[in-house]
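First the structure, then my questions, so here it is.
The values are calculated or read from the model by the stated rules, or taken from the named source; none is laboratory data. Bear in mind that the values here come from a model prediction, so they are computed numbers and not experimental data. All Cβ positions, even for glycine, are placed from backbone atoms using ideal geometry, and neighbour counts span all protein chains on display. Keep in mind that these areas ignore ligands, DNA and RNA; they rest on the heavy atoms of the full protein, side chains included. Shrake-Rupley method; radii C 1.70, N 1.55, O 1.52, S 1.80 Å.
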Amino acid sequence: MAVSLRNDDFNPFIETMRQLEFQGVLDFIAKYCISTPGKEIINRLLPTDNTSWLRTEHDLISEAVRMIMSDDSLPLENLQDTRHLLHKSIIQNATLIPTDLLEIADMLRVSRLIKQYIKSRDEEYPFIFNHLQELYDNKVIEKHIADSIDETGYVRDTASRQLARIRTDIQAKSSRLRNRLNKIVRQFSDEDKLQEEFFTIREGRFVIPIKAEHKRHLSGIIHGVSQTGATVFVEPSEIIELNNELSLLQNEELREINRILQDLTEEIGSEAQALLNNILLLSELDAVIAKARYALDYGGIKPEILDEEDNNIYLKAIKHPVLAQARGIKNVVPLSIEFDNEQRGHLISGPNAGGKTVALKNIGLNVAMALAGIFPLGECKTNYRTIFSTIGDHQSIENDLSTFSSQMLQIKSIIDHSTHNSLVLIDEIGSGTDPQEGAALASGILDTFIEMKLFFIATTHQSSLKTYALNKEVIANASLEFDEEKFKPTYHFLTGIPGNSYAFSLAQSIGMSKLVLKRAESYLGDKHSEIENSIAILQKYRTEAVKAKSEAESQRFKYEKQLRDYEQRSNELKIKKKEIVDKAKVEALTIIENANALVENTIREIKEEKRAIAEIKTDFNQTKKEIEKSVKKIERSVAEKHEHPETLKQGDNVSLVDSTSIGSVLEADNEAQTALTDFNGVKFRLPYSKLIKRKASDIKKSIPIEYIKYDAVTKLDYRGMRADEALRDLDESIDNAILNNMDFITIVHGKGTGALRQSIHDFLSRHPAIASFRLGEIVEGGAGVTIVKFNE
């Protein structure tokens, strides 16, 4: 129904929902419902300030989403709208027909099955369980209906003893009638007086079809004539009494059936209120599941409903629901925007058909959905908001309203109804009149919004409003990206940057005369050109910044992956190294034990003089040689594994111990047994003991690894540690520092007795990678620290 903008009863909130096409979203979601009441619930939805209900509803939808994803859906398939039947059952002397009773039985069965179903999953779906706590089931009524009426709607013989007796009598009476009729039919058939050789029923009486010319040959009552007049339907006199008796029994049957149906109706009527509440609960659940299916199909995300004091709207990657329905969710460009106390407004500018109005509706729709108990299509955080908008051309010939007048009337109504808890959306603010006056009026309206402390978005083409927004801290400029090369909008929302109108560029692209454009440009002021050029530069810088950020993110992900790979490989090497060392220790221990046993046995035999000295000496030397062979075998094994070079020269290929990464020698000092190496562009000076010489053929087989240890530290604190513990950690820390190409490290050992410091200094003096070390200055920690420098 059309509503006049001059009408005092005009409701700007309802008009906003119409402008945003909110009902179209509801109609689409309602299609997911099984029941009519469920559809009605969806179609009645509007944003609400009942935050407690909203949070519960969103929790219910979340559980329904999980239920659907686990293919664990509720048995709602046979849910029907029986409200009218239940209301009828309350009326005195009302009677429900068998099919009506079957529908109610189906509803009772659905209620019972769902109650059992959710009771067994109360811990998994607690919100749905709580929602259905009041669900009523009545197995007695359900059984009474099932015992009285079969699946086709026929009242069973067993519905009552009286009905069973009556039907038995009807069957017997019918059988007698049929036998008598068959005899009559055979008799008249032989005499060729019958039209057809069968009997039928007319007006509830058994009759025989007789040829019209022989109607007087059969005594009885005529109950009708065929359309052609060739056949007369006669009830023979001899069966009239039987027909009467059968008719009486049939009437008695109808009365008994009516009594049975009436009793069932009364039984249902006594529980009608509980059953009506069942329909409400199940319909609400149907609506929740419909919302969940919509969220799954279109990427809906559970919103966060904030308290009133949390004055904030946060939208990330939201998509326009109506566009998603029409084009598919993957073909809709997302939008992100935020409002808070420091940034309460956004001014969106840009060319025509660039997506400004769509962006406005996208924001309004998703906030409205979140506040109506529907998952928005993207991330959303918001407290309660009354949403008001003026979108589109609302000129009215009937009411003598221009586009400008219509917008001003709507804005006046919005200001009258708005509070600090409002979100206002205005499309093309101040348009439809003199640009200068329109811009001034728009600035005054936006000033009013700022003073009211509400949130707002406005779209515009006017350059002066872009400048206005730049001078207001609480308003952010925004635009929709436009591809200048293709002259097409990309619909990407850009926060913080105003947009150009591209009027001249668009006119040129469609073939407008250059002379016309040149003349038009002469009417533009220098200030306007400066603003448009500045906006173009800003957009260019932003595009470059976004590209640089994207590349940086890509590099970060790459290096994080390399770090994870390195840590995994490092752990594997440590485990392998430990296994080798443990094995060597076991073998060495075995050799030592064998050697000790040899010495002890030899000494004992000499003391006890059980054997000749020469013989003992021969056996001793033989066993000694075997032990020496074992030691040399271990040495050869270690040498084969590591092959530490004795000499190196520039260009030699080397790898670190227990590593497959190949580097090259830049400088070699064979006397000091150190070499300057290059591993993947990182230079290290390493002792020969840390290196393995590699053949050129090994390079292709190697798997490069990043050996940069990102958690290496420059300050080592060994206070309170024993010397052997400190030296073990120091050795590893020096390796890490060298691998990270560090120039120096600081060792904190404390003053104490000086024993720990002396042990550390002795170790450093022997280490080939150390260039020098000294005690710290007073500001560095004095004699409690040692500063170590590495070879270059």
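Considering only region 270-291, state which residues are surrounded by 15 or more Cβ atoms within 10 Å (Cβ to Cβ) and either of a type in the set (A, V, I, L, M, F, W, C) or farther than 30 Å from Leu60 by Cα (or both).
Going residue by residue through region 270-291, those that are surrounded by 15 or more Cβ atoms within 10 Å (Cβ to Cβ) are 271-272, 274-276, 278-279, 281-291.
Hits for region 270-291 are Ala272, Ala274, Leu275, Leu276, Ile279, Leu281, Leu282, Leu285, Ala287, Val288, Ile289, Ala290.
So which residues in region 670-688 are modelled with pLDDT of 80 or more and loosely packed, with under 15 Cβ neighbours inside 10 Å, if there are any at all?
Answer for region 670-688, where residues must be modelled with pLDDT of 80 or more and loosely packed, with under 15 Cβ neighbours inside 10 Å: Asn670, Glu671, Ala672, Asp678.
Sticking with this one: For Thr168, state whether it is out of contact with any helix residue (DSSP H, G or I) (no Cβ under 7 Å at 6 or more places or on another chain) and either of a type in the set (Asp, Glu) or modelled with pLDDT of 90 or more (or both). Break it down stepwise before answering.
Values: out of contact with any helix residue (DSSP H, G or I) (no Cβ under 7 Å at 6 or more places or on another chain): yes; either of a type in the set (Asp, Glu) or modelled with pLDDT of 90 or more (or both): yes.
Criteria met by Thr168.
Just to be sure before I move on: is Lys139 basic (Lys, Arg), modelled with pLDDT of 90 or more, over 41 Å from the mean Cα position of the chain (by Cα) and surrounded by fewer than 16 Cβ atoms within 10 Å (Cβ to Cβ) in the structure I sent?
Numbers: basic (Lys, Arg): yes; modelled with pLDDT of 90 or more: yes; over 41 Å from the mean Cα position of the chain (by Cα): no; surrounded by fewer than 16 Cβ atoms within 10 Å (Cβ to Cβ): yes.
Taking the combined requirement at face value, the residue does not satisfy it.
Looking at Glu646, Glu626 in this structure, which one is open to solvent by 30 Å² or more (accessible area, probe 1.4 Å), part of a loop (DSSP other than H, G, I, E, B) and either modelled with pLDDT of 65 or more or farther than 30 Å from Lys789 by Cβ (or both)?
Working: Glu626 fails: part of a loop (DSSP other than H, G, I, E, B).
Glu646 is the lone residue from the list that is open to solvent by 30 Å² or more (accessible area, probe 1.4 Å), part of a loop (DSSP other than H, G, I, E, B) and either modelled with pLDDT of 65 or more or farther than 30 Å from Lys789 by Cβ (or both).
How many of the residues making up region 108-120 are open to solvent by 60 Å² or more (accessible area, probe 1.4 Å) and farther than 23 Å from Leu86 by Cα?
Initially, region 108-120 is screened for residues open to solvent by 60 Å² or more (accessible area, probe 1.4 Å), giving 109, 113, 115-116, 119-120.
Now restrict to residues that are farther than 23 Å from Leu86 by Cα: 116, 119-120.
Result for region 108-120: 3.
Table: residues versus (1) among the aliphatic types (A, V, I, L, M); (2) in contact (Cβ under 8 Å) with a residue 24 or more places away in the chain; (3) at negative phi.
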{"site": "Leu727", "(1), (2), (3)": "yes, yes, yes"}
{"site": "Glu732", "(1), (2), (3)": "no, no, yes"}
{"site": "Phe744", "(1), (2), (3)": "no, yes, yes"}
{"site": "Ile747", "(1), (2), (3)": "yes, yes, yes"}
{"site": "Lys751", "(1), (2), (3)": "no, yes, yes"}
{"site": "Gly754", "(1), (2), (3)": "no, no, no"}
{"site": "His761", "(1), (2), (3)": "no, yes, yes"}
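Can you find a residue in region 175-195 that is of a type in the set (A, V, I, L, M, F, W, C), at pLDDT 85 or above and either loosely packed, with under 14 Cβ neighbours inside 10 Å or over 30 Å from Arg112 (Cα atoms) (or both)?
Taking region 175-195 and keeping what is of a type in the set (A, V, I, L, M, F, W, C), we get 177, 181, 184-185, 188, 194.
When the remaining residues are screened for being at pLDDT 85 or above, the result is none.
No, there is no match, as no residue in region 175-195 is of a type in the set (A, V, I, L, M, F, W, C), at pLDDT 85 or above and either loosely packed, with under 14 Cβ neighbours inside 10 Å or over 30 Å from Arg112 (Cα atoms) (or both).
When both residues are 6+ apart or on different chains and their Cβ atoms are under 9 Å apart, which pairs have a first residue that lies in region 432-443 and is closer than 10 Å to Ser464 by Cα and modelled with pLDDT under 85, and a second that is open to solvent by 50 Å² or more (accessible area, probe 1.4 Å) and not hydroxyl-bearing (Ser, Thr, Tyr)?
Pro435/His461
Just give me the residues in region 65-103 being within 37 Å of the chain's Cα centre (by Cα) and touching a residue at least 60 places away in the same chain (Cβ under 8 Å), in sequence order.
Narrowing region 65-103 to residues within 37 Å of the chain's Cα centre (by Cα): 65-83.
Val65, Met67, Ile68, Met69, Ser73, Leu74, Leu76, Leu79, Asp81, Thr82, Arg83, listed by residue number.
Report, ordered by the first and then the second residue, all pairs with beta carbons closer than 8 Å, sequence separation of six or more or different chains, a first member in region 137-164 that is among the hydrophobic types (A, V, I, L, M, F, W, C), and a second member that is open to solvent by 80 Å² or more (accessible area, probe 1.4 Å) and in a helix (DSSP H, G or I).
Pairs that qualify, where the first residue is among the hydrophobic types (A, V, I, L, M, F, W, C) and the partner is open to solvent by 80 Å² or more (accessible area, probe 1.4 Å) and in a helix (DSSP H, G or I), are Ala164/Thr158.
State all residues of region 91-107 that are β-branched (Val, Ile, Thr), open to solvent by less than 50 Å² (accessible area, probe 1.4 Å) and assigned to a loop (DSSP other than H, G, I, E, B); if no residue qualifies, say none.
The first filter runs over region 91-107 and keeps only residues β-branched (Val, Ile, Thr), leaving 91, 95, 97, 99, 104.
When the remaining residues are screened for being open to solvent by less than 50 Å² (accessible area, probe 1.4 Å), the result is 95, 104.
Result: Thr95, single match.
Let me ask something else. For region 283-298, enumerate the residues that are of a type outside the set (Ser, Thr, Tyr) and touching a residue at least 60 places away in the same chain (Cβ under 8 Å).
Of all residues in region 283-298, those of a type outside the set (Ser, Thr, Tyr) come to 284-293, 295-297.
Result: Glu284, Leu285, Asp286, Ala287, Val288, Ile289, Ala290, Lys291, Ala292, Arg293, Ala295, Leu296.
Name every residue in region 333-363 that is part of a strand (DSSP E or B) and more than 26 Å from the chain's Cα centre (by Cα), in order of residue number. Outline the logic, then answer.
Kept after step one, since they are part of a strand (DSSP E or B), are these residues of region 333-363: 335-339, 345-349.
Residues satisfying the conditions are Gly345, His346, Leu347, Ile348, Ser349.
Restricting to region 321-332, what's the tally of residues that are closer than 14 Å to Asn366 by Cβ and not in a helix (DSSP H, G or I)?
Number satisfying all stated conditions: 1.
Condition check: farther than 17 Å from Ile279 by Cα and without any contact (Cβ under 8 Å) to a residue 40 or more places away in the chain. Does Asp106 satisfy that? Talk me through it step by step, then tell me what you get.
Working: farther than 17 Å from Ile279 by Cα: no; without any contact (Cβ under 8 Å) to a residue 40 or more places away in the chain: yes.
No, not satisfied.
Taking the stated definitions as given, is Glu142 outside any loop (DSSP other than H, G, I, E, B) and touching a Lys or Arg at 6+ places or on another chain (Cβ under 7 Å)? Full working, then the answer.
On the way: outside any loop (DSSP other than H, G, I, E, B): yes; touching a Lys or Arg at 6+ places or on another chain (Cβ under 7 Å): yes.
It is true that Glu142 is outside any loop (DSSP other than H, G, I, E, B) and touching a Lys or Arg at 6+ places or on another chain (Cβ under 7 Å).
Considering only region 65-118, how many residues are polar (S, T, N, Q) and in contact with a Gly (Cβ under 8 Å, 6 or more places away or on another chain)?
In the first step, residues of region 65-118 are kept if they are polar (S, T, N, Q); the result is 70, 73, 78, 80, 82, 89, 92-93, 95, 99, 111, 116.
From the residues that got through so far, the ones that are in contact with a Gly (Cβ under 8 Å, 6 or more places away or on another chain) too are 89, 99.
Result for region 65-118: 2.
Take the residues in region 331-346 that are of a type in the set (A, V, I, L, M) and under 21 Å from Glu428 (Cα atoms); name whichever of them is surrounded by the fewest Cβ atoms within 10 Å (Cβ to Cβ). Spell out the reasoning first.
Looking only at region 331-346, we keep the residues that are of a type in the set (A, V, I, L, M), and these are 332-333, 335, 337.
Now drop any that are not under 21 Å from Glu428 (Cα atoms), which leaves 335, 337.
Details: Leu335: 24, Ile337: 20.
Checking each candidate, the answer is Ile337.
Restricting region 239-269 to residues that are under 13 Å from Gly204 (Cβ atoms) and charged (D, E, K, R), which is most open to solvent (accessible area, probe 1.4 Å)?
Per the stated criteria, the residue is Glu245.
May I ask you to list the residues in region 469-490 that are within 30 Å of Glu451 (Cβ to Cβ) and either modelled with pLDDT under 75 or of a type in the set (A, V, I, L, M, F, W, C) (or both)? Before you say what the answer is, go through the steps one by one.
Taking region 469-490 as the starting set, the residues that turn out to be within 30 Å of Glu451 (Cβ to Cβ) are 469-480.
Within region 469-490, Ala469, Leu470, Val474, Ile475, Ala476, Ala478, Leu480 qualify.
Does region 222-238 include one or more residues that are open to solvent by less than 40 Å² (accessible area, probe 1.4 Å), among the acidic types (Asp, Glu), modelled with pLDDT under 80 and under 20 Å from Asn179 (Cα atoms)?
Applying the first criterion (open to solvent by less than 40 Å² (accessible area, probe 1.4 Å)) to region 222-238 yields 223-224, 226, 229, 231-236.
Those still in the list that are among the acidic types (Asp, Glu) too: 235.
With the extra rule that they be modelled with pLDDT under 80, the set shrinks to 235.
With under 20 Å from Asn179 (Cα atoms) added as a condition, the list becomes 235.
Yes, because at least one residue in region 222-238 is open to solvent by less than 40 Å² (accessible area, probe 1.4 Å), among the acidic types (Asp, Glu), modelled with pLDDT under 80 and under 20 Å from Asn179 (Cα atoms).
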